[in-house]
Structure formats: structure tokens, C-alpha cells
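One structure below.
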Amino acid sequence: MIQDLVVYALYIAYAIAVLMTFGLVLTWVERKQAAVMSDRIGANRAYLRIPFTQVKLVWWGLFHGMADGIKMLLKEDFRPKPYDWYAYMVAPWVVFTPVLLVFAVIPFGGTLVPGQLSPALAGWFGERSYPMQIARLDAGLLMVFAFGGVSVIGAMLAGWSSSNKFSLLGALRAGSQMISYELVLALTLLGLILIYGTVDLTDIVRQQSGTIGALPAWGIVYQPFAATLFLAAAIAENKRIPFDLPEAESELISGYFTEYSAMKMGLFMFAEFIEIAIIAALFTTLFLGGYNLPYMHDGGFTLPGGREIAMSHGAVVVTQVVVFLAKVFLLCSFQILIRWSLPRFRYDQVLKFAWKFMFPLALANLIVTVIVVWALRA
Amino acid sequence: MDKTQALLVLALALFSLGLAGVVVRRNLLVMLMSMELMLNGVNLSLVTFANQMGAAEGAVLVFLIFVVAAAEIAIAIPIVLLLARRRHTLDADAYADLKG
Amino acid sequence: MTWLLANLETILLAVFGVSALAGGVLVVVLRQPMRAAMALISTMIFLGGIYGLLGVHFIAAFQVLIYVGAVMVFMVYVIMLLDPRDPAFRRRFSPLLFPGAAVALGLAATLIRGVAPGTAPAAAPAPARGFSLAEFATAFLNQYWLHFELTSVLLLAAVIAAIAVIRVARGDHG
């Protein structure tokens, strides 16, 4: 019992640490990647000076993330006269919390058997094994959708409770956009659920661990079209460019979080960056094989020639965790690439794109998947 | 009082609160929300019975009630919107045309 | 500590139950509709937590997904759009306050006395357990397929009615 508590507390600490680190690092990646893409140097003014010397550490602008965080904490917490102070206070948390909670159902590694890690732990843990997932639920993907739906309310409350017409406009846009793209998101995944026959994310990752021919049996090989639709819908759900009308900088000042400053604003921005990581983690789990590498299993590698590379349990666990983080980081970079390449949609274009373009395409994908699955099983 | 009884008491309390809300409040939207509270009380009692009896029928009926509640709200709120647009108020007493 | 861990389910059930009830009371009592909506959202989330504790995780997911994610979003949307200077805010309760409250109390007392008479109930025919999604899906699509089809017809009717309402709304001030 206590052993279970220790392991799960460790998982929760890992999840929070990873998500917060991703949130901070992604602010730096966004700036630096944008700079590299536009042939600039990027922000490199923030530095740390080693005390008692004149040595200034710039480190390619990494400290700008820290400077942003400190600025957010120390700024004046300006309080306008909101329509409804309770909604104003609660809204950033309603946006921030579900984003963190989605990570509870994502498997970030295989199975952890602490007894095989070292003989000292074997005495205490015995033979227990823990799947590396905070909550092993048989309805994992449904939980993801459920939590995604809760942040809509936070965005709308934020815009409404600041007594500001621009914020209200931003809130209305945010609400409509998020609901439309949530529907498309769920539809794109139905084909995948049909192929894998489960909504349990651990099972989905496990079923992606083989190979078909020369390719790994990842979701993106079975459903490439759904993968692109999913990524587009998820970026729209996160209100990133090209879908960032609710917070359009040049039109609505700051959209639904205009009247927020300091830490509450920090919560909104942080929630958006952490959601980039969450979308990347979901895409990895569903379409890119999660923590799996091709030819890898719980005991090491089994290469196609018949050669076996055996690895200790600790090495396997570390490899799986690192592979997962690497895939998530690649997807985050890809989303930032999209953000700095595309212009912004107009608002009616955003909604038309959802209902008249992506929704029929997702349905068509589902129908084709159903026909193919039925034909192959008959 | 075991778990089932306690949950049923909660479900019935929610149902009665919802009923009180519909009767007692003036604002049309709050009346709609109290109706949703009643539906939630019923859902809780169904899930409690499904859990106690080990029957999946309770869970199925709960799912169908979710769908019906969503459809009901999808119609009730536009009706309230249209009414409010005519009379410019959400007060239920302004719609007493059939009275007396 | 071990007592806490051993009785964790009961403690959580009590906490979620009391919070859901408090949210329900707030829905009926608060003056501003937006705050009543927030109280209702909290009640629904706590009820979702109770469903999760009873082992039906997919029903908890559906509760949050459909009720909070769709129904309450719509409700919050509409409250945002309607005029906040409505006189219904100033007079909170209708003239039926005392008779209504008395009837609701009487109903609650009668029903609760019927359900929990103070004596322990007979043993349940099957042990209390949660369901997996697989069992639910099998029961749903094997025995209750007709209900499933009829609810999809109901949803179609709701969509058509919503479009009709939009037409009426456009005709009114268009």
C-alpha cells in the first residue's frame, strides 16, 4: 500500500516537473526557432553574471524564460472592476487545471518493476509492477476529451467577467471555436479507436509496438489522414496560430485575457504552452507509438536479423522515457514551425473550416476506415 | 446507513432541491439549471442502483439520459432566448399571459 | 495514516457528496445566474467524481464531457449574451417561495424516509462493483440498440429544431 503511494507520488511529481519544464522551455524554443526560421539571432539579452567576476552567461537566450517567469510574478497585479470578481478569480485556474490533468492518463513509459531496478529496492517492493501511467483507466481517451471540454468554460468566464467589450468578443470567439474543434477532434479519432478496438491509451501504445513490413506499426501508418486532421483540430483547440483569433494581438489587444495581469496572465500563457506539450504527447501516444521504438520490447532489442540486444530493466525504462520525451519535443517544434509559418484565419473562415471542411473529411475518413476494416476482417 | 443508502439520500436531496429551484426562482435560466439538477439527481440514483445490483442496464439508461438532457437543453435555451428577445426580460412572471 | 488510507473511499465519497449538495443549494439560492451556473458546474464535477469512485469511469467521463463540456458551456454562453440589468435579478424569488420550499422539503422527507428507514437493508443480490467499458458497450449495442437508434432520431430532431429556431430568430429582427 505504502509502496503504491510512493510510486504514484513519484509519477505525479514527474508529470508536474515535465509539464512545467516543457512550459518554460517551449517559450525559449518558440523564440529561438522563430529566429532561426527568419534568419535572425533571436532574444539574447538576458544573462546571468557570475558573482565577483565580469563573466556573463547568455546561453543562447535560455534565461529569457526565467526572466519572463520572474516578470510575471513580480508585476503589479492590476485589478480592474470586473463584472463578477469570483468568476474573474476562478477563470485562470479553470483554464490551467484540466490541461495538467490530461497528462494523468497518458502513458509515458512501459511497465516499471522497481524490484528489478536494484537489489535494495527488491526487498521493499517485492514483485510489484506498475504501468508508467498515473491513472490506468479503461476509458482513458474519453477522459482526455472530458478535460478538454472543461477549459472552454474558463476561457468564456475570463472574457465575460472582465467588463470589457473586447474581452467579451474574445470569449465568444474562443467558446465557439473550441466547441467546434472539440467535435472534429473526437470524430477524427473514431477511426483509430475502431482499428485498435479500445480507448485505453496503454493498450493503444502496446498495439503499436510491432512492425508491418519495413514500417513500425504506428498509428500514423494506419491512419495518416486522421493524424493530420487531429493535429489541425488540436492546434485549433489550443487557439494557436493559425487559429488564434480569440487572442489576436493585432485585433483584440489580448482577447479574452486583456484585463489580466501578472500571475493570472501567466497562468493563461503557461496553460497554452503546456497544452502544446499535451497535444504533442497525445499525438505521440495515438499516432507515433508512444514510448516504443521499433524492435524494442521489455527485455531489450530484437533486431530483424535475429540478433538480440539485452538491456537491464533500468536501461529499458530510461530508454522508453527518453524516447517519449524526444517524440513530444519533436512534435512541439513542429507546432511552433506551423505557428511561425502561417497567417491567421479570419473568424468566419475558422468556423467554416471546422464545420464545412474538417467535419465532412473526418466523417469520410471514418467511413473509409469502417469499410476497409470490415473488408479485411470478413 | 451503508453506501447505497447514503448516495440515494443525496440523489433525492438533489432532486428535491432542483424541484424547489424550478418552483421558487424567477429567472428562466436558473429554472432551467434547476431542471438539470433534477436530472443529475436521477442519474446519481441510477448509477447507485447499477453499482449495487451489478447490472449494466443502469449505466445504459444513464447514458441515454445524458443524450436526452443535451437534446433538451439544445432546444430549451433557444426558446428562452427568443422569449427574452420579445419581452426583454428573463423574469418568469412576465410570461403570465394565460393567467386568469 | 493507515486509517486514512483504509477508509479513503468513504472519506472521498463523503467529501464529494457534501460538496455536490452544497453546490445544489447554491444553485437555488444565488442571485446572479452566472454564479448559479458555476455552482452547478461544480456540482456536476463532484458527481462525476462520485461516479468514478463507484467504478464507472466512463460514465464519469461522459458526465464531464456532456454536461460540463456541452450543456453548461451552452448555458454560460447564453448567460453571457443576455442583459445583466434584468429585473429578475433584483427580485430573486417568486411569490411561491414558502409553499414551494415547504413542498420540496416534504417531498424530500417522504422520499428519504422511504429509502433510508434507519434499519439496515437486506444483502444485495450481487456484490457492488463497477463496470468496464467493454461490458457497457456490449450491453448497450446488443440489448439496447433500439434505444440507441431512437436517441439518434431524437438528436436529429433537436438539430432540426435548433435550425428552425435560428430561422425564426433571424426572421424576427432581420
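The values are calculated or read from the model by the stated rules, or taken from the named source; none is laboratory data. What you are looking at is a predicted structure, and each value in this text was computed from that prediction instead of being measured. Positions of Cβ are generated from backbone atoms using ideal geometry, with glycine treated the same way; all protein chains shown enter the neighbour counts. These accessible areas exclude ligands, DNA and RNA; they are computed on the full protein's heavy atoms, side chains included. Shrake-Rupley method; radii C 1.70, N 1.55, O 1.52, S 1.80 Å.
Data table
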| read-out | value |
| --- | --- |
| Among the candidates B:73, B:65, B:77, residue that is open to solvent by less than 40 Å² (accessible area, probe 1.4 Å) and more than 7 Å from chain C (Cβ to nearest Cβ) | B:65 |
| Any hit, the stretch C:9-28, residues being acidic (Asp, Glu) and more than 8 Å from every other protein chain (Cβ to nearest Cβ) | yes |
| Criterion (open to solvent by less than 40 Å² (accessible area, probe 1.4 Å) and touching a helix residue (DSSP H, G or I) at 6+ places or on another chain (Cβ under 7 Å)) met by exactly one of A:345, A:324, A:359 | A:324 |
| Helices (runs of 4 or more DSSP H) contained entirely in the stretch A:218-326, each with at least 3 residues that are touching a Pro at 6+ places or on another chain (Cβ under 7 Å) | A:262-287 |
| Extreme residue, nearest to residue A:240 (Cα to Cα), among residues of the stretch A:135-186 that are among the basic types (Lys, Arg) and touching a residue at least 12 places away in the same chain (Cβ under 8 Å) | A:173 |
| Matching entry among A:68, A:84, A:77 (being over 22 Å from the mean Cα position of the chain (by Cα), under 15 Å from residue A:266 (Cα atoms) and not basic (Lys, Arg)) | A:77 |
| Among the candidates B:94, B:55, residue that is outside any helix (DSSP H, G or I) and open to solvent by 30 Å² or more (accessible area, probe 1.4 Å) | B:55 |
| Elements of type helices (runs of 4 or more DSSP H) in the stretch C:1-104, at least 3 residues being open to solvent by less than 10 Å² (accessible area, probe 1.4 Å) | C:8-29, C:33-53, C:57-62, C:72-81 |
| Residue identified as farther than 30 Å from residue C:143 by Cα and in a helix (DSSP H, G or I) among B:64, B:44, B:14 | B:14 |
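Yes/no matrix, rows are residues, columns are (1) at pLDDT 80 or above; (2) more than 7 Å from chain B (Cβ to nearest Cβ); (3) over 22 Å from the mean Cα position of the chain (by Cα):
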| site | (1), (2), (3) |
| --- | --- |
| C:111 | yes, no, no |
| C:127 | no, no, yes |
| C:135 | yes, no, yes |
| C:140 | yes, no, no |
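Conditions (1) open to solvent by 20 Å² or more (accessible area, probe 1.4 Å); (2) at pLDDT below 85; (3) away from chain C (no Cβ under 13 Å), marked per residue:
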site	(1), (2), (3)
A:170	no, yes, no
A:186	yes, no, no
A:190	yes, no, yes
A:220	yes, no, yes
A:224	yes, no, yes
A:238	no, no, yes
A:247	no, yes, yes
A:257	no, yes, yes
